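Report on the structure given below.
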Amino acid sequence: MKRRFLSLLLACLTAASLFGLSYGLGLNALFLREAQYSTEAHYGILTLLPENVPDFNPGTNAYWTADPRRSLIPVLTDDEYEKLNKHNTAYPIHPRYMTLGVSAEYFRLPPPEGYYDYADRLVVEAVVQSINDDSLQLTDCVFLGGKAEALQKSISAWLSEDLAETWSVGDRTEFSLRTWQENGLWLYRVDKELVPKGGTKPEDVVSMSEDNLHGFDLVFTEDMGWIWRVMQGELCCIQGRLIEETDAGSRVCVVSERFLRENDLALGDSLLFRVGDKLCSQFAPIGALAYTTTQYPRRWAEEAFEIIGTFADADNGNWTADEFAYAYSESTVFVPLSALPETIYPSSARYTPAELTLLPEGGDALERKLGWMQEIAAGIGLRCVMDDRGWSAIAAGIDAEEARLRARTLPFILSGAVLLVLLFAGLLLTVKRKCTVLRLAGVPKRRLAARTMIPSLVLLWSAAAAGTAGAFLYLGTEAAWFREKWSAFMQVSEQGLPMGTLILVPGLASLVMSGGLVLLVLLLLGQDIHDLAVRSQRKAGKQ
Amino acid sequence: MNALTLENVSYTYPGGTSPVVKNASFGFEAGTIYAVVGPSGSGKSTLLSMLAGLDMPGSGDVILQEENLKSLDLDKYRREGVSIIFQAFCLLPLLTVRENVCLPMEMQGIPEANARERAAEALVKVGIEESKHKRFPSALSGGEQQRVAIARSLCSGAPVLLADEPTGNLDGENTRIVMDILRRLAHEEGRCVIVVTHDPEVAEAADRVLRMKDGVLTAE
Ligand SMILES: Nc1ncnc2c1ncn2[C@@H]1O[C@H](COP(=O)(O)OP(=O)(O)OP(=O)(O)O)[C@@H](O)[C@H]1O
Ligand SMILES: [Mg+2]
């Protein structure tokens, strides 16, 4: 009875020590796997911006001659694109595109007071009253299209010198005028579109002007979270949510809070747009698209988008005229990249996105990858800015938790290992003594081998199985709790338990012990029986 | 008929130059207790190991009753012909007294109930009362442990009992008790008991004393 009880006790102790080992190492393995997952799954957001943003003052003459939107936007050659995309498998380029979206129902929002908006244009038929070096006096103006509020009977419009010879006093013809308001007054400037040399038909300029008034800047993006201004907290979500990766495939949009309010719209409402095929840079600092004859869309696709959120940009409405801003205009409508109609987005085409987003993967590789990209980008006249999305905090959390777990599991592992060694030593000692006694008593070798090894092996392996099962179950119940805890500072996975460690550790330990036991028995059986007797006698003599 | 007979037995250790046991001849009778004495290194243990079937003699014969050891299976000889009494060291600490005594019987496939009965009998014979049968050896005195070792040897029912310094670790009182038991086993059960010893008191308790000197065995 006592013997059975003792065997059971020994089996339990063995199981307990193997449990300690398996659980301790298993918990560490679980965390290490999660930490690795979290590291690998973590990505930074690397944005490519123009290297130099010129000082730009819309009030000065420079404004008229240099369109900053075009000079700022890098038109990437295939080669450059290739270079940037060199590490494509690790972090593909995520471009953002902009096209013109024309709404039949809604008007583009007027730009901030005193601010030039390319969208506003007035097309009139008028008589030339007088021509100066830099201005043209028109009279008998008849509205043909564009900004109706800007129509006056007589208009004085600026004129660039090279156009001074185009008309003579008394001519009656169509004029395309860019127009904007300052201190409540409408100002005008003669546009080149209808200069006879341009050859554009008046009805085309009229419809272009109408479209511009109803034109919205449709920005196609995979994830608004990857937009630098969003990362910087300068463009924020006001209602609902911003476009996310998961919106791919759905016809949804995010509009400016001001647009929503001024048009009495609400989340859930739909907007119908004619989406133009002319892609342009979305890096439009002055918040308007200039659809001229060269930029005007040739093909259209009609799409309806449901409003899922609104945004506001810190710079909208309160920038000073001297300040160059990266802000998206309040007439911007963000839509999922997947909503870009197929006719407009042939996959083989290379466009000229203004902001490229790359998502370098692997928290611990971000610095290195930023270095590579900076080098490549500098060669193309771009610069990189990176948001590591809180990697250093995650890394610190991982390190701290690793140390904490090590301290927590060390007692389990150590006590398990020490107990196991003691138990194993005891087992070997017992087997050795038993073998000696029984061999001297004349028990045949084969029977002796079977009778000493089999029960010990059975005990060992059932203990190992029990210990492993225990560790498995225990860790199984704890894993969810731990993952929940870890999710506070890192990303956790849906992976199962670290079966390898849970099974391998006790399995290997049992294998080593079984091997040791078998070896010992074989050694004892192979040993000369006389030596065995003498040795035991000698040992007894010393006691 | 002798229980055990030595005929011109010599033994040289492998690699040894001269024999350690030289031409020993003697007839051990049943119902008698023998003491083998002699200086250290004289060959007593070597002689005993041949009697115990741990070694075959280099030359000469060991004869159990009428059978020559050469024609016997040594395992069987040790199982049924002779029984070696170990010193207490050879008790297994994690088995109870009774389990220790039962162990060799169990290995020989003797049914548990039967083995237990025999063990209890043997233990009572060596003066270990029932109440101590379920204890672990560590809870017994040295003398008691030695008696348990004797009881374990008894159970095989072998006609010859062999012991090398069975009282080596015991005090005077315990030595006397052990010797009494061995005497009784010889005289009452008719066994042949052969004890190797340095202890004059042990030698005195024997029926006959054999002397070893430089490998030569002489009877007194
Ligand atoms: N395994 C061995 N190999 C070689 N020589 C041995 C071996 N065992 C013993 N001897 C030698 O044989 C001789 C007899 O040894 P044995 O052990 O039989 O003496 P003993 O009379 O029992 O001595 P003690 O009283 O000290 O126990 C000694 O000289 C010893 O050195
Ligand atoms: Mg000796």
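Using a simple spin-label model with pseudo-atoms 7 Å out from Cα toward Cβ, A:Asn132 and A:Phe107 lie 3.0 nm apart. Taking every residue in A:441-452 and counting other chain Cβ atoms within 10 Å of its Cβ, the average works out to 5. The label-point distance for B:Glu117 and A:Lys2, in a model that sets each label 7 Å from Cα toward Cβ, rounds to 2.3 nm.
Please list, by residue number, everything in segment B:33-71 whose backbone N is under 16 Å from a paramagnetic label point 7 Å out along Cα→Cβ of B:Glu7. The answer is B:57-71, whose backbone nitrogens lie closer than 16 Å to the label point.
Peptide B:74-83 shows a mean partner chain C-beta count of 3 within 10 Å per residue C-beta. A simple rule links phi to the HN-Hα coupling: the Karplus curve 6.51 cos²θ - 1.76 cosθ + 1.60 with θ = phi - 60°, which for segment A:374-388 gives 4, 4, 5, 5, 4, x, 10, x, 10, 10, 10, 10, 10, 10, 7 Hz, with x for Gly and Pro.
Centre-to-centre separation between the Cα atoms of segment B:2-19 and those of segment B:88-137: 34 Å. Could you grab the relative contact order for segment B:75-220? Cα pairs under 8 Å, six or more apart, rounded to a whole percent. RCO, segment B:75-220: 27 percent.
Per-residue extension of 0.36 nm, minus the Cα-Cα distance of B:Lys134 and B:Thr17, leaves a gain of 37.1 nm for this segment.
Modelled spin-label separation between A:Ser487 and A:Thr139, with each label point placed 7 Å from Cα along the Cα-to-Cβ direction: 7.7 nm. Counting, for every residue in B:48-55, the Cβ atoms of other protein chains within 10 Å of its Cβ and taking the mean gives 4. Association of chains A and B removes close to 3000 square angstrom of accessible area from solvent, both sides included, for a probe radius of 1.4 Å. Around the amide H of A:Val252, modelled in the peptide plane, lie the amide H atoms of A:Glu306, all under 5 Å away and 5 or more residues distant in sequence or on another chain. Calculated on the alpha-carbon coordinates, the convex hull of segment B:4-219 measures out at 121 cubic angstrom per residue. When only Cα pairs below 8 angstrom with a gap of at least 6 residues are kept, segment A:121-212 shows a relative contact order of 31 percent. The helix-based estimate of mean residue ellipticity at 222 nm for chain B, built from -39,500 (n - 2.57) per DSSP H run of four or more residues and divided by its residue count, is -10000 deg cm²/dmol to the nearest 500.
Relative protection proxy for A:389-398, B:9-18, from highest mean packing down: A:389-398, B:9-18 (other beta-carbon atoms within 10 angstrom).
Taken over segment A:125-277, the alpha-carbon convex hull comes to 176 cubic angstrom per residue. Shown here for segment A:227-281: trypsin sites (Lys or Arg not before Pro) in loop regions (DSSP other than H, G, I, E, B) with at most 15 other Cβ atoms within 10 Å, namely A:Arg241, A:Arg251. Have a look at the DSSP beta bridges in the protein assembly as shown and tell me what percent are antiparallel, nearest 5. The answer is about 70 percent antiparallel.
Each principal axis of the Cα cloud of segment A:375-454 was taken in turn, and the coordinate range along them, longest first, works out to 92, 29, 15 Å. About its Cα centre, the dipole of the protein assembly as shown is roughly 6600 debye, where the only charges are +1 on Lys and Arg Cβ and -1 on Asp and Glu Cβ. Solvent-accessible surface (1.4 Å probe) assigned to A:His94 amounts to roughly 20 Å².
How big is the protein assembly as shown by the Kirkwood estimate over distinct Cα pairs, in Å? The Cα-based Kirkwood calculation yields 35.5 Å.
The alpha-carbon positions of segment A:121-212 define a convex hull whose volume is 86 Å³ per residue. Applying a threshold of 18 Å to the alpha-carbon distances of A:Lys2/B:Lys132; A:Lys2/B:Lys134; A:Lys83/A:Lys369; A:Lys445/B:Lys134; A:Lys445/B:Lys76; B:Lys22/B:Lys76 flags A:Lys445/B:Lys134; B:Lys22/B:Lys76 as lying beyond it.
Put simply, the amide H of A:Asp171, placed in the peptide plane, has neighbours under 5 Å in A:Val128, leaving out anything fewer than 5 places away on its chain.
Using per-residue counts of other Cβ atoms within 10 Å, averaged over each peptide, order A:420-431, A:162-173 from highest down.
My ranking of the peptides, most packed first, is A:420-431, A:162-173.
With just the Cα atoms defining each centre, how far is segment A:383-439 from segment A:468-535? Give it in Å. When both Cα centres are located, 11 Å separates them. Here the Debye sum runs over all C-alpha atoms of segment B:120-159 as equal scatterers in vacuum, and log10 of I(q)/I(0) at q = 0.18, 0.19, 0.29, 0.30 Å⁻¹ comes out as -0.43, -0.48, -1.02, -1.07.
Relative to the globular-protein estimate of 2.2 N^0.38 Å, the Cα radius of gyration of segment A:406-508 stands at 1.56.
With R₀ fixed at 51 Å, the C-beta to C-beta distance from A:Ser168 to A:Ala396 puts the FRET efficiency at about 0.10.
The values are calculated or read from the model by the stated rules, or taken from the named source; none is laboratory data. All figures in this text were calculated on a predicted structure; none of them were measured in a lab. Quick reminder, even Gly has a Cβ in these numbers, built from the backbone with ideal geometry, and neighbours come from all protein chains shown. Ligands, DNA and RNA are excluded from the accessible area calculation, which covers all protein heavy atoms including side chains. Shrake-Rupley method; radii C 1.70, N 1.55, O 1.52, S 1.80 Å.
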